[in-house]
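Since the structure comes first, as structure tokens, the remarks are kept for the end.
The values are calculated or read from the model by the stated rules, or taken from the named source; none is laboratory data. This one's a predicted model, so the numbers in the text were calculated from it and none came from an experiment. Cβ placement follows ideal geometry from the backbone for every residue including glycine, while neighbour counts extend to all protein chains displayed.
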Amino acid sequence: MLECLYRCNLSINKKQYIHVLSSIFFNFKTLLHKRYIISQEIPLAELKYFIKTNKHLPNIPSAKEVADNGIELGAMNAKLLEKIEELTLYILQQQKENDSMRKEITEIKMMIKSK
């Protein structure tokens, strides 16, 4: 990482580097110990409306907030993991609906063939 900092022309001394690394590690380790459980899924229509209205995902800071305040890497990683879990749940929901539709289509085809 020091090599990356050097190549990116960032000025940081070893003491600052160690402090930054330990801060990131500590915050991320703390967040990993907290289990994130999705209490309720947001219906897709509500999610679409939220994104259209606010121009960002729920529980994720807006571009302006990030520009004004920056981000804490550990907290942002936790939020991104939350979004990955939500996406996984949406995918599973969509797969269930697709399977149901396929079954229904197959049944309809069988009914048409038998007539």
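When ILE112, ILE51 are checked against the criterion of being loosely packed, with under 10 Cβ neighbours inside 10 Å and hydrophobic (A, V, I, L, M, F, W, C), ILE112 stands alone in meeting it. Taken together, the residues in segment 73-105 that are under 15 Å from the mean Cα position of the chain (by Cα) and not basic (Lys, Arg) amount to 17. The condition of being within 20 Å of GLU97 (Cα to Cα) and modelled with pLDDT of 90 or more holds for only one of GLU46, GLU85, that being GLU46.
One line per residue, one yes/no per condition, for (1) in contact with a helix residue (DSSP H, G or I) (Cβ under 7 Å, 6 or more places away or on another chain); (2) β-branched (Val, Ile, Thr); (3) surrounded by 10 or more Cβ atoms within 10 Å (Cβ to Cβ):
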{"site": "LYS64", "(1), (2), (3)": "no, no, yes"}
{"site": "GLU72", "(1), (2), (3)": "yes, no, yes"}
{"site": "MET76", "(1), (2), (3)": "no, no, yes"}
{"site": "GLU85", "(1), (2), (3)": "no, no, yes"}
{"site": "THR106", "(1), (2), (3)": "no, yes, yes"}
